[in-house]
Amino acid sequence: MSYVRSLRLRPVAALLALVAVAALAGLDPGAARADRLAEALAEADRVEAELQGLNDQVAAAAEAYNAAQIELDRTNAAIAENRRILDASKSNLRVSRRELEQMLVDAYRRGDPDLLAFLLAADSIDELVDQSRFMQRVTVHAGQIVRDVRRYTRQVKETERALEAEQADRQAALAARADEEAAVRGALAERQDLLASLSGEISAIIQRREAARRAEAERLAAAAGITLEEAVAVAGGDDIALGGSADLGSAGAVIEAPPSSTVGGSAASIALGALGIPYVWAGSSPEGGFDCSGLIMWAYAQVGVSLPHNAAAIYGTGTPVPLEALEPGDIISFRGSGHAGIYIGGGQYVHASQTGDVVKVSSLSDRSDIDGAVRVS
């Protein structure tokens with residue numbers, strides 16, 4: 001709903017006659033303030049539109065973060081495997097080097113003049129291994145030992161380089177995600193502050209205008225020799241015009257829990273139990289808050305179904321279903337898998353909406369960006 005439409009002056013219908021008299025008399029309760037009010041309302045609408053765009057960016061960034069986290073987990077698993085290979089290679093290298101050292105000790109004891117010459121000329125075992133003529137002098141078994149030393153040394157170095165590269169990539173990805181989150185949240189906070197400032201200004205202008213109108217109405221009523229309450233009664237109004245309050249909203253329709261006879265229905269019911277929990281970037285628990293895919297992952301985990309923490313990945317794991325055949329528990333994708341929710345029946349879905357909002361129920365009829373739906377089990 002537009003910010004402009006969401007703001008309403010309290011009704012003064014009961015005083016229309018008196019206000020008309022004031023207008024005919026050339027009395028203006030504040031033309032300059034009226035102009036500024038229109039400007040502030042227009043600016044608030046513009047900022048609200050920008051905020052919606054930024055909220056969409058935050059949601060998309062959260063899902064990109066979740067996707068990157070999945071890839072990071074895979075990278076960490078690969079790093080763990082590489083470290084296992086590295087440890088095995090180092091162990092094999094130590095064994096082969098000990099065998100080579102023992103072979104050289106034996107050669108020294110036998111007094112082999114050629115091997116002793118190679119041994120005395122080399123500064124290290126590695127340098128000795130690199131000498132091709134040395135390889136020609138050793139026995140077949142010893143030659144295999146030397147080749148093993150070479151192979152394991154190369155394997156250790158290559159694995160270490162791979163680990164260093166993967167570690168650098170992981171750190172770069174973490175830094176990029178942090179920068180992206182900071183940039184989007186910074187812009188969002190800036191626009192939220194501006195909207196809050198505009199809201200305060202708009203409220204102040206409205207209060208001043210209402211106060212001026214009430215004071216003028218009281219003056220005109222006094223001039224007519226009646227009280228303001230009597231003037232309101234004559235005009236057919238009620239106490240709302242005198243500063244009372246009106247219900248500007250509705251209690252909302254009662255949300256019935258979907259049938260829980262299926263896995264999806266059970267997950268949908270569980271998700272409804274999270275209504276009111278705040279949206280939190282990358283959140284996936286009632287205690288820490290939810291983002292859209294975090295809510296879906298958590299709800300399905302409670303019924304024994306493991307799903308990834310990413311809207312696009314979740315959408316890719318399910319079986320596509322047409323929108324006209326939706327059942328409670330089906331997962332609906334929006335904005336190119338930048339957002340998702342759980343269908344609960346009756347054309348409604350439960351979802352963790354956006355930054356500053358909470359887990360809530362919304363109507364599919366309000367969306368024009370539905371990608372499709374899938375069913376998981």
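For this structure, a couple of remarks:
- Pair list, Cβ < 7 Å and 6+ apart or interchain, from the range 266-279 residues that are within 13 Å of Glu327 (Cα to Cα) to residues that are in a helix (DSSP H, G or I) and acidic (Asp, Glu): none
- Considering the range 328-372, the residues that are surrounded by 15 or more Cβ atoms within 10 Å (Cβ to Cβ) and in contact with a Ser or Thr (Cβ under 7 Å, 6 or more places away or on another chain) include one that is modelled with the lowest pLDDT, namely Asp371.
- Test result for Arg133, part of a helix (DSSP H, G or I), in the same structural domain as Tyr65 (by TED's automatic domain parsing) and either closer than 30 Å to Ala282 by Cα or modelled with pLDDT of 65 or more (or both): no
- Per-region count, the range 181-225, residues within 27 Å of Arg36 (Cα to Cα), of a type outside the set (Val, Ile, Thr) and either touching a Gly at 6+ places or on another chain (Cβ under 9 Å) or not in a helix (DSSP H, G or I) (or both): 7
- Residue satisfying condition, being under 17 Å from the mean Cα position of the chain (by Cα), among the charged types (D, E, K, R) and part of a loop (DSSP other than H, G, I, E, B), within set Glu287, Glu327: Glu287
- Scanning the range 166-194 for residues being surrounded by fewer than 12 Cβ atoms within 10 Å (Cβ to Cβ) and either in the same structural domain as Gly356 (by TED's automatic domain parsing) or of a type in the set (A, V, I, L, M) (or both) gives a total of 5.
- Qualifying residue in the range 292-314 (condition: aromatic (Phe, Trp, Tyr), at pLDDT 95 or above and outside the structural domain of Leu72 (by TED's automatic domain parsing)): yes
- Any hit, the range 239-255, residues being modelled with pLDDT under 60, surrounded by 19 or more Cβ atoms within 10 Å (Cβ to Cβ) and not in a strand (DSSP E or B): yes
- Checked across the range 351-361, the condition of being among the small types (Gly, Ala, Ser), without any contact (Cβ under 8 Å) to a residue 40 or more places away in the chain and assigned to a loop (DSSP other than H, G, I, E, B) holds for no residue.
- Taking the listed residues Glu180, Glu210, Glu201, Glu166, the one that is touching a Lys or Arg at 6+ places or on another chain (Cβ under 7 Å), touching a residue at least 12 places away in the same chain (Cβ under 8 Å) and among the acidic types (Asp, Glu) is Glu210, with no other qualifying.
- Residue within the range 17-38 that is modelled with pLDDT of 50 or more and surrounded by 15 or more Cβ atoms within 10 Å (Cβ to Cβ) present: yes
- Residue within the range 75-93 that is outside any helix (DSSP H, G or I) and either exposed (fewer than 12 other Cβ atoms within 10 Å of the Cβ) or modelled with pLDDT of 75 or more (or both) present: no
The values are calculated or read from the model by the stated rules, or taken from the named source; none is laboratory data. Just so it is clear, the structure is predicted and the values come from calculations on it, not from any experiment. Ideal geometry is used to build each Cβ from the backbone, glycine not excepted, and the neighbour counts take in all protein chains shown.
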